[in-house]
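> Dropping the structure in here first, questions after.
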Amino acid sequence: MKKKTKLYTILTILLVVISSLMISFFYKGNFTFAQESDMVKKTISVNNEDRVFFIYLPSKYKNETKKLPVVILLHGTVATADKIKNYTKFNSFADKNDIIVVYPENTGTWDWDLKPAEKSKDIEFIRQMISTMETQYNVDNKRVYVTGYSSGAEMTYLLACTLSDKIAAFAPVCGNMREEYMQGCHNCKPVPMLLVHGTEDPYEKWNGDPNKKMLSVDDVLKYWKSKNKNEPSETKEFIYPHKDPNITATTAKLEITDYPKDKTEVSILKIEGGGHTWPDSPTSVRIETFLGKTNYDVSANEIIWDFFKRHKLN
């Protein structure tokens, strides 16, 4: 039984790596790790280690006198800031909405340090990155948000448990929450949470993964709702019509649950039939064989930003 579990884990890791490399290929058409000229590269020292992140400033930034919101976007396994930028097309969206976007990078070429609670070295990196942004840029420190894709979504859950004093709201996309994170979350305050997940995700499965000790999406929703410790208002549901009657493989449903006392929210954009993909990403269609179907009836960027706008740090 142990051998089967180990083989399953190895095969899963191989599939994730292959899929990540395929994503990298379709981002640029090759496997190079180019850095876009429209982003500012920053290096900071965290625990005697150089850490890198990239900043996108909207075109109106130079002429703005008001402080701007920040969206931190975390890449997935075997990826970079440049890759997730190209995959999500978040910079062009941010330009229209006057948002500063920050793309941290993990160390090496593999993944984030996903250890629970303060054991992860990436928590201190993100904390210091936010402090650097607040001192060097015109940032509204009550409107700093984080979203992430795949393992970046797992990191988003970890940050919700550890940096709720710095980050106003969280939106994990295509990522499960690890069981071991719950212990470190006991003392954190209620936080606004939006899940974006496909029911047919082949890697970060809707029903979780006991072998990897990953919670199901339903259990994650239940967990964060229970942290609010007060009665929710009525849950509102929106089912989005198909933009193209010939493309009906997936259906997007948004469920919004507010908790008026704490002014928090625990909601989900559920993509029925959806895979391990960022809704409305134009490059996903070329890698559906590996990642599953993409929904084009909604824009993940728009849904996430509408959610973020509803929340500020107290």
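> Consider only pairs whose beta carbons are under 8 Å apart and that are at least six residues apart or on different chains; among these, list those whose first residue lies in segment 298-310 and is at negative phi and whose second residue is open to solvent by 10 Å² or more (accessible area, probe 1.4 Å) and in a helix (DSSP H, G or I).
Between residues of segment 298-310 that are at negative phi and residues that are open to solvent by 10 Å² or more (accessible area, probe 1.4 Å) and in a helix (DSSP H, G or I), the close pairs are 299/93; 301/93; 302/93; 305/93; 305/97.
> Only residues in segment 274-287 that are on the phi > 0 side of the Ramachandran plot count as the first member; pair them with residues that are among the acidic types (Asp, Glu) and not in a loop (DSSP other than H, G, I, E, B), Cβ under 9 angstrom, at least 6 apart or cross-chain, and list the lot.
Going by the 9 Å Cβ cut-off, the qualifying pairs are 280/302.
> For segment 130-144, which residues satisfy the criterion of being open to solvent by less than 60 Å² (accessible area, probe 1.4 Å), over 17 Å from the mean Cα position of the chain (by Cα) and in contact (Cβ under 8 Å) with a residue 12 or more places away in the chain?
Across segment 130-144, the qualifying residues are 132, 133, 137, 138, 139, 140.
> Inspect all residues belonging to segment 165-176 and state whether any of them is within 19 Å of residue 226 (Cβ to Cβ) and out of contact with any helix residue (DSSP H, G or I) (no Cβ under 9 Å at 6 or more places or on another chain).
Within segment 165-176 (the criterion being within 19 Å of residue 226 (Cβ to Cβ) and out of contact with any helix residue (DSSP H, G or I) (no Cβ under 9 Å at 6 or more places or on another chain)), the answer is no, since none of the residues qualifies.
> Applying the selection to segment 209-234, what residues are crowded, with 19+ Cβ neighbours inside 10 Å and either under 17 Å from the mean Cα position of the chain (by Cα) or polar (S, T, N, Q) (or both)?
Of everything in segment 209-234, those that are crowded, with 19+ Cβ neighbours inside 10 Å and either under 17 Å from the mean Cα position of the chain (by Cα) or polar (S, T, N, Q) (or both) turn out to be 214, 215, 217, 220, 221, 224, 228.
> Among what's in segment 115-129 and is open to solvent by 20 Å² or more (accessible area, probe 1.4 Å) and part of a loop (DSSP other than H, G, I, E, B), pick the residue that is farthest from residue 80 (Cα to Cα). Quick ask: steps written out before the conclusion?
Going through segment 115-129, the residues open to solvent by 20 Å² or more (accessible area, probe 1.4 Å) turn out to be 115-119, 121, 124, 127-128.
Then drop every residue that is not part of a loop (DSSP other than H, G, I, E, B), which leaves 115-116.
Details: 115: 20, 116: 22 Å.
Here the residue is 116.
> Of all residues being open to solvent by less than 30 Å² (accessible area, probe 1.4 Å) and more than 18 Å from residue 279 (Cβ to Cβ) in segment 63-78, which is modelled with the lowest pLDDT? Just the residue, please.
That would be 78.
The values are calculated or read from the model by the stated rules, or taken from the named source; none is laboratory data. If you're wondering where the values come from, they're calculated on a predicted model, not measured in any experiment. Note: ideal-geometry Cβ built from the backbone for every residue, glycine included; neighbour counts use all protein chains shown. Accessible surface areas use protein heavy atoms only, side chains included; no ligands, DNA or RNA. Shrake-Rupley method; radii C 1.70, N 1.55, O 1.52, S 1.80 Å.
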